[in-house]
Amino acid sequence: MADYREKARERVKKCCKVCPVCNGKACAGQIPGMGGIGSGMSFQNNLTALAAYRILPRYLHEANDPDTGADFWGQKLSLPVLAAPIGNVIANVGSDMPTERYTELLIKGCREAGTIATFGDTPQFEPVARNFAKVGDNGAMVIPFFKPWAPDDLVSRLDMAAEHGCAACGVDVDAAGFPIFRRVSRSYGVRPGRDIAKLVEMTHARGMKFIIKGIMAVADARIAVDCGVDSLIVSNHGGRSIDCTPGTAEVLPAIADAVGDKTLIMADGGVRTGVDVLRMLALGARLTLICRPVAIALHGDEENGVELYFGDLQRQLVEAMRLTGCANLASISREILCRA
Ligand SMILES: Cc1cc2nc3c(=O)[nH]c(=O)nc-3n(C[C@H](O)[C@H](O)[C@H](O)COP(=O)(O)O)c2cc1C
C-alpha cells in the first residue's frame, strides 16, 4: 500500500497531498479540490466526532471468527462499506483520468472486493451517460447519485438508471448549496418534502429503491422517512456543503434512535479504518461509505488498488470485531463504545 500511495500522490498532486491520515487539514477550503468547504471544520469534525468514541475491548467470548458479510436489499456484500460517489474527478481529485474511466475502474474494483460502487452527477447529461455506459451488466451493484434537481428534470436520469438495471438511485440533497449547479438551473437546490415524495414514487415506478443522501438533522430524517425513502445516508458531503457542521458520528445516534427501525441507515464522513467502520455501525448505521481514501487507492493501482483497499479494511474490521466480541454485524451495538 505504501507503493500505491506514492503513485497516487504523483497522479493527484494538483488537488491532494495524500497525507498519512486523510483528515482535511492540508486541503482545508480547497473546493474544487479534495477539501472541506470554508474553514474545513465540517470535514475535520467528521474525524474528531468518530475519535470521540472509544472502543471497549472484550476478550472473554466466542466470537473468534467474525463475519463481516452484509446484506444490501438481497445483495450479499463482503463488508458493510460502499465506495462513495464523486462527481467530477478531474476538477475535484486533480485526476489524470476522465470521470467515466474512474467509474469503470471503481466498478471493477468494487466488484472484486464484493461491494457496491457509486457515481455522481454533473449539470450536463452527457457525462452522466458516459458513466452509465461503464455500468455494463453490473447495474445491481452500482448506485448513481443525482443532484437535487426538481423531479421533472430527473426523469431522463432515472430512466437511464432503470435501463441499466440499477437496483437503487440516490439524490444528494446536501449538494443544494453548490453554486456551480445553481448557476445552470433554477430547478436546482433545497427540496420540499413533496418533491422527495414524488422522487420516491418516480424511482419506485421504475423498479428501483430510493436513497436520500446528506441527512444531518433528525427533523429531515423524519420528513424523509414520511416521504417513503428506502434508505437515508447520514452525511455532510465530506464537509463540502456548509462550513462548521458537526461530524456525522455526532448526529448519527439521534437519527438512528428516531428512524432506525423505519429505514435503512447508512453513514459516511471520516471513516478511515476498520475501527471507524465498527464505530459507525455501533452508532446506528447498517452500512458506511468511504470516499477520499478509495479515490487515492484507485489512483494508486486502478481497480487492484480498490480491491486491495477494501480487503485491508475488511481485515481490520474482522480484528476490531474479534476484539470487541462481535460475531457478526448484527451483534455490533453501542455497548462496545465509551464516550471520551
Ligand atoms: C472530491 C469529492 C467529490 C464528491 N462528489 C460527490 C458527488 O458528486 N455526489 C455525492 O453525493 N457526494 C459527493 N462527495 C461526497 C462523498 O460521496 C462522501 O459523502 C464524503 O466525501 C465521505 O467522506 P470521506 O471523504 O471522509 O470518506 C464528494 C466528495 C469528495 C471528496
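The values are calculated or read from the model by the stated rules, or taken from the named source; none is laboratory data. Because the structure is a prediction, the values reported are computed rather than measured. Cβ atoms come from the backbone with ideal geometry, glycine included; neighbour counts cover every protein chain shown.
Looking across Ile31, Ile37, one residue alone is under 16 Å from His237 (Cα atoms), near the ligand (Cβ under 10 Å from one of its atoms) and of a type in the set (Val, Ile, Thr). It is Ile31. Just to be sure before I move on: is Gly177 surrounded by fewer than 18 Cβ atoms within 10 Å (Cβ to Cβ) and under 13 Å from Ile143 (Cα atoms) in the structure I sent? No; evaluated as a whole, the condition is false for this residue.
If I filter segment 312-325 for residues that are within 16 Å of the ligand (Cβ to nearest atom), modelled with pLDDT of 95 or more, among the polar types (S, T, N, Q) and in a helix (DSSP H, G or I), do I get at least one hit? Among the residues of segment 312-325, at least one is within 16 Å of the ligand (Cβ to nearest atom), modelled with pLDDT of 95 or more, among the polar types (S, T, N, Q) and in a helix (DSSP H, G or I), which makes the answer yes. Among the residues of segment 102-116, the one identified as at negative phi, part of a loop (DSSP other than H, G, I, E, B) and either away from the ligand (no atom under 13 Å from the Cβ) or charged (D, E, K, R) (or both) is Thr115.
Checked against the criterion of being at pLDDT below 95, more than 16 Å from the ligand (Cβ to nearest atom), in a helix (DSSP H, G or I) and not aliphatic (A, V, I, L, M), the candidates Arg183, Arg194 yield just one match: Arg183.
For Thr273, the conditions (1) within 13 Å of the ligand (Cβ to nearest atom); (2) under 16 Å from Lys213 (Cα atoms) are fulfilled apart from (2).
Kindly indicate the residue of segment 273-310 that is in contact (Cβ under 8 Å) with a residue 60 or more places away in the chain and of a type in the set (S, T, N, Q) and also surrounded by the most Cβ atoms within 10 Å (Cβ to Cβ) among those meeting that condition. The selected residue is Thr288.
Listed residues Lys213, Lys209; which is basic (Lys, Arg), away from the ligand (no atom under 14 Å from the Cβ) and in contact with a strand residue (DSSP E or B) (Cβ under 7 Å, 6 or more places away or on another chain)?
Numbers: Lys213 fails: away from the ligand (no atom under 14 Å from the Cβ).
None of the other options fit; the residue is Lys209.
The lone criterion from (1) among the acidic types (Asp, Glu); (2) within 15 Å of the ligand (Cβ to nearest atom); (3) over 25 Å from Val171 (Cβ atoms) left unmet by Asp268 is number (3). For first residues located in segment 238-266 and on the phi > 0 side of the Ramachandran plot, partners that are within 13 Å of the ligand (Cβ to nearest atom) and acidic (Asp, Glu) and lie 6+ apart or on another chain with Cβ distances below 8 Å form the pairs Gly238/Asp268.
For segment 245-254, state whether one or more residues are surrounded by fewer than 16 Cβ atoms within 10 Å (Cβ to Cβ) and more than 23 Å from Val294 (Cβ to Cβ).
Just the residues of segment 245-254 that are surrounded by fewer than 16 Cβ atoms within 10 Å (Cβ to Cβ), to begin with: 254.
If we keep only those that are more than 23 Å from Val294 (Cβ to Cβ) as well, we get 254.
Yes: one or more hits.
In the set (1) over 20 Å from the mean Cα position of the chain (by Cα); (2) surrounded by fewer than 20 Cβ atoms within 10 Å (Cβ to Cβ), the condition left unmet by Arg101 is number (1). For segment 125-140, does any single residue satisfy the condition of being within 14 Å of the ligand (Cβ to nearest atom), touching a residue at least 24 places away in the same chain (Cβ under 8 Å), closer than 19 Å to Ser241 by Cβ and touching a strand residue (DSSP E or B) at 6+ places or on another chain (Cβ under 8 Å)? Scanning segment 125-140 turns up no residue that is within 14 Å of the ligand (Cβ to nearest atom), touching a residue at least 24 places away in the same chain (Cβ under 8 Å), closer than 19 Å to Ser241 by Cβ and touching a strand residue (DSSP E or B) at 6+ places or on another chain (Cβ under 8 Å). Looking across segment 117-174, the residues that are of a type in the set (Asp, Glu), surrounded by fewer than 24 Cβ atoms within 10 Å (Cβ to Cβ) and in a helix (DSSP H, G or I) come down to Glu126, Asp152, Asp153, Asp159, Glu163.
Across segment 5-59, the number of residues qualifying as of a type in the set (Lys, Arg), over 17 Å from Ala91 (Cβ atoms) and surrounded by 18 or more Cβ atoms within 10 Å (Cβ to Cβ) comes to 1.
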